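What follows is a single structure, written as structure tokens, with notes after it.
The values are calculated or read from the model by the stated rules, or taken from the named source; none is laboratory data. Everything numeric in this text was worked out from a predicted model, so none of it was measured. When we count neighbours, we look across all protein chains shown, and the Cβ atoms used for this are built from the backbone with ideal geometry, even at glycine.
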Amino acid sequence: MENEKNKVTVRVQKIKKNYIKQKLIFFLILAAALIFAAVFSDKLCPYDPYAQDLSSAMQAPSVLHPCGTDTYGRDMLSRVISGARASIFSTFILVAVISVFGTAVGVFCGYYGGILDSLMMRVSDICLAFPGLVFAMAIAAVLGGGIQNAVIALAAISWPKYSRIARGQTLALKNAPYIHAAILAGDTSGQIIWRHVLPNMLGPVLVTAMLDIGTMMMELAGLSFLGLGAQIPMAEWGSMMSTGRSMLQTYPWVVLSPGIAIFISVVIFNLLGDTVRDYLDPKNNRSARR
């Protein structure tokens, strides 16, 4: 009887694992479609996103302009597609910078300790003590407008999350038996970190980075909405919403088009991050191997 229950449990876990794998493939396809649209935005735009035609200004959505036009007669669908490049690629660069830098700081501090560890952790405490977006607004205001400065501002306050995760993982791993065996085998600190520490913490860092894509995209759009990110006339979703916010009641498509694009992108990347977390969950992996 006990064996039968175990077999049923293993079968259920395998079905669950296959379902998670199918979800992962589905959301990877959706994310790849967004990235494809961002890369080939110039080819996919039905009109020039920066070409002005005042005779066509503020037209409602139609067959010719599925998302309508803005105050300068520019096609909103073309501007939304073109804005995907700035919004998505800026987010990817930001997440890559904070994940790599934060992980490097956390691993170094956790493995070597000492004064530098205490200093960097106090710096991270200061960053985490302030509301993230408010701190980023202050930094962006000092640096001046521009999408590059917005990325720098958010990077300056977002890396401590990764340093905390990496430091905690490193502290848990550096006293493991296989680390001591590697030391006895003559491996240097760099070899131990590269071969043993980093691969074993890759899962939590990867999941955090995937879940951060949606958050960072919202915060970048928020800075652009406040005038501290992408500047006019650059096609960027947050900046486009800021430009049309006064026309929300009279010409809602000017705001809703980029807003829906942000919503869809954030949902896709958040669901992808959740699915990656489930896929890398050790419980599911152990059950599927039984």
Counting only residues in region 236-256 that are surrounded by fewer than 24 Cβ atoms within 10 Å (Cβ to Cβ), among the small types (Gly, Ala, Ser) and touching a helix residue (DSSP H, G or I) at 6+ places or on another chain (Cβ under 8 Å), the one farthest from GLY222 (Cα to Cα) is identified as GLY244
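Can you find a residue in region 53-60 that is more than 30 Å from LEU271 (Cα to Cα), at pLDDT below 95, assigned to a helix (DSSP H, G or I) and polar (S, T, N, Q)?
Within region 53-60, one or more residues are more than 30 Å from LEU271 (Cα to Cα), at pLDDT below 95, assigned to a helix (DSSP H, G or I) and polar (S, T, N, Q).
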Tell me which residues, restricted to region 69-98, are more than 10 Å from the chain's Cα centre (by Cα) and hydroxyl-bearing (Ser, Thr, Tyr).
THR69, THR71, TYR72, SER78, SER82, SER87
Matching residues in region 112-145 - criterion: being of a type in the set (Gly, Ala, Ser) and either within 13 Å of LEU226 (Cα to Cα) or over 23 Å from the mean Cα position of the chain (by Cα) (or both)
GLY113, GLY114, SER118, ALA136, ALA138, ALA140, ALA141, GLY144, GLY145
What number of residues within region 23-45 satisfy the criterion of being in contact with a helix residue (DSSP H, G or I) (Cβ under 6 Å, 6 or more places away or on another chain) and either loosely packed, with under 14 Cβ neighbours inside 10 Å or small (Gly, Ala, Ser) (or both)?
4
Just wondering, is there one or more residues in region 210-233 that are of a type in the set (Val, Ile, Thr) and over 30 Å from ASP42 (Cα atoms)?
no
Please count how many residues of region 166-215 are under 19 Å from GLY113 (Cα atoms) and assigned to a helix (DSSP H, G or I).
21
Could you list all residues from region 90-135 that are among the aromatic types (Phe, Trp, Tyr) and either in a helix (DSSP H, G or I) or touching a helix residue (DSSP H, G or I) at 6+ places or on another chain (Cβ under 6 Å) (or both)?
PHE92, PHE101, PHE108, TYR111, TYR112, PHE135
Being in a loop (DSSP other than H, G, I, E, B) and out of contact with any Leu (no Cβ under 9 Å at 6 or more places or on another chain) is the filter here; which residues of region 26-48 pass it?
PHE40, ASP48
The lone exception for MET58 - which of (1) in contact (Cβ under 8 Å) with a residue 40 or more places away in the chain; (2) within 29 Å of the chain's Cα centre (by Cα) it fails:
(2)
Identify the residue in region 46-71 that is among the β-branched types (Val, Ile, Thr) and over 30 Å from PHE92 (Cα atoms) and, among all such residues, is surrounded by the most Cβ atoms within 10 Å (Cβ to Cβ).
THR71
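So is ILE157 of a type outside the set (Phe, Trp, Tyr), out of contact with any Leu (no Cβ under 8 Å at 6 or more places or on another chain) and part of a helix (DSSP H, G or I) or not?
yes
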In the list MET240, MET201, which residue meets the criterion of being of a type outside the set (Lys, Arg) and touching a Pro at 6+ places or on another chain (Cβ under 8 Å)?
MET240
Answer yes or no as to whether ARG167 is free of Cβ contacts under 8 Å to residues at least 60 places away in the same chain and either surrounded by fewer than 13 Cβ atoms within 10 Å (Cβ to Cβ) or touching a helix residue (DSSP H, G or I) at 6+ places or on another chain (Cβ under 7 Å) (or both).
no
If GLN148 passes every condition in (1) loosely packed, with under 15 Cβ neighbours inside 10 Å; (2) not hydroxyl-bearing (Ser, Thr, Tyr); (3) not in a helix (DSSP H, G or I) but one, which one does it miss?
(3)
